[in-house]
1. Can you run phi through the Karplus equation (6.51, -1.76, 1.60; θ = phi - 60°) for the stretch 78-88 and list ³J(HN,Hα) in whole Hz, with x for Gly and Pro?
2. Please say if the stretch 38-103 is rounded, prolate or oblate, where rounded means a/c under 1.5 for a ≥ b ≥ c the square roots of the C-alpha gyration tensor eigenvalues, and otherwise the choice is prolate for a/b larger than b/c and oblate otherwise?
3. Can you compute the charge dipole magnitude of the stretch 33-131 about its Cα centre, using +1 on each Lys and Arg Cβ and -1 on each Asp and Glu Cβ, nothing else charged? Give it in debye, rounded to the nearest 20.
4. Between residue 58 and residue 89, what length comes free when the chain is fully extended (0.36 nm per residue of separation minus the Cα-Cα distance, one decimal in nm)?
5. Report, by chain and number, residues whose modeled amide H sits under 5 Å from the one on residue 48, excluding near sequence neighbours (fewer than 5 apart, same chain).
6. Highest mean first, how do 123-132, 72-81 rank when packing is the count of other Cβ atoms within 10 Å averaged over residues?
7. Residue 64: net charge of surrounding residues, Cβ under 12 Å, Lys/Arg +1, Asp/Glu -1, itself excluded?
8. Can you list residues from other chains, or at least 5 along the same chain, whose modelled amide H is less than 5 Å from the amide H of residue 132?
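Any read-out appearing in this document is the output of simple, stated calculations on the displayed coordinates, not a laboratory observation. Remember, it's a predicted structure, so these values are computed and weren't measured experimentally. So basically every Cβ, Gly included, is an ideal-geometry build from the backbone, and we count neighbours across all protein chains shown.
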Amino acid sequence: MRNGLMPVWVMLLALFLGAFGAWAGEGQARGSDPVKKMAGILIDMNHYPAEADKAKLQAIANSEAASVHERTLANAILGIEHTPADNAKTELRQIAEDESAPQDVRDLAQAVLGFQHKPGDEGKKLLRRILGG
């Protein structure tokens, strides 16, 4: 009889730990490391990326570990001069509308699309959400 109760106890403990982990992680930043880095760059950006940020963005754009969407976003942010480049806007719209893309990637694409000299109010909300704020 004791052996029969052990799996129930283990399942209850796993259920509790899983629920606690989900609750504890609610306020944490979501998104992949490259997406968080790009959101951190974009939220404080004025007109175009700073030289130090360009190096970070170029590293993401060249990274084989980054997803295609992440590399596209990095290149789009690199190309911002007051607003995103026209040729990047089409790709950004596709990412923002891609239901199969992670939500943080879609939100970042939307924030980049709305960039005009700096992130707009809606873009800042999206970026803060990615950053966990």
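1. 4, x, 5, 10, 6, 9, x, 5, 4, 5, 7
2. oblate
3. Values: 13 positive and 16 negative charges, 54 e Å.
Here the size comes out at about 260 debye.
4. Answer, rounded to one decimal: 9.3 nm.
5. The list, which skips near neighbours in sequence, is 82.
6. 72-81, 123-132
7. Local charge sum for residue 64: 0.
8. Here 30 satisfy the definition.
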